[in-house]
Amino acid sequence: MSKPFTPKVVTANALLEGDVIYLTEDDQWSRSLKDAEVIDDEAHGDLRVLFGQSQPNEVVGVYLIDVNVTDNGPEPKHFREEFRTKGPSNYAHGKQELA
């Protein structure tokens, strides 16, 4: 018996900047996880990943991540993905510089 499909979002890295980005319902890429399309169906998830992979001039490393759906929008289930939302792990770069 296969595992039930749990809510997911499509993530990737922006090709030029390297920022973590998320696919929205209107086929755009957002740097905010709150804007991401939450996917509840495995077949739809596969199609959305293929859509992301069809944009090699914009993104790299497209895949699905597990999320919890909250009142504040989707939140990553796994530490790795939570860590990715914070930006580069070196000092004074990107999102960490603004914090």
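The values are calculated or read from the model by the stated rules, or taken from the named source; none is laboratory data. Note that the structure is a prediction, hence the values are computed from the model and not measured. Please note: Cβ atoms are built from the backbone with ideal geometry, for glycine as well, and neighbour counts cover all protein chains shown. Side chains are part of the model used for accessible areas, which takes the heavy atoms of the whole protein and leaves out ligands, DNA and RNA. Shrake-Rupley method; radii C 1.70, N 1.55, O 1.52, S 1.80 Å.
The residues in region 52-81 that are assigned to a helix (DSSP H, G or I) and either loosely packed, with under 13 Cβ neighbours inside 10 Å or in contact with a helix residue (DSSP H, G or I) (Cβ under 9 Å, 6 or more places away or on another chain) (or both) can be counted, and the count is 3. Scanning region 16-42 for residues that are in a loop (DSSP other than H, G, I, E, B) and surrounded by fewer than 15 Cβ atoms within 10 Å (Cβ to Cβ) yields a count of 11.
Suppose the filter is open to solvent by less than 70 Å² (accessible area, probe 1.4 Å) and modelled with pLDDT of 95 or more; does Leu47 pass it?
The answer is no for Leu47.
Selection of region 1-59 for residues being within 20 Å of Thr85 (Cα to Cα) and of a type in the set (Phe, Trp, Tyr) yields Tyr22, Trp29.
If you go through region 21-79 and pick out every residue that is within 15 Å of Phe5 (Cβ to Cβ) and among the aliphatic types (A, V, I, L, M), you end up with 9.
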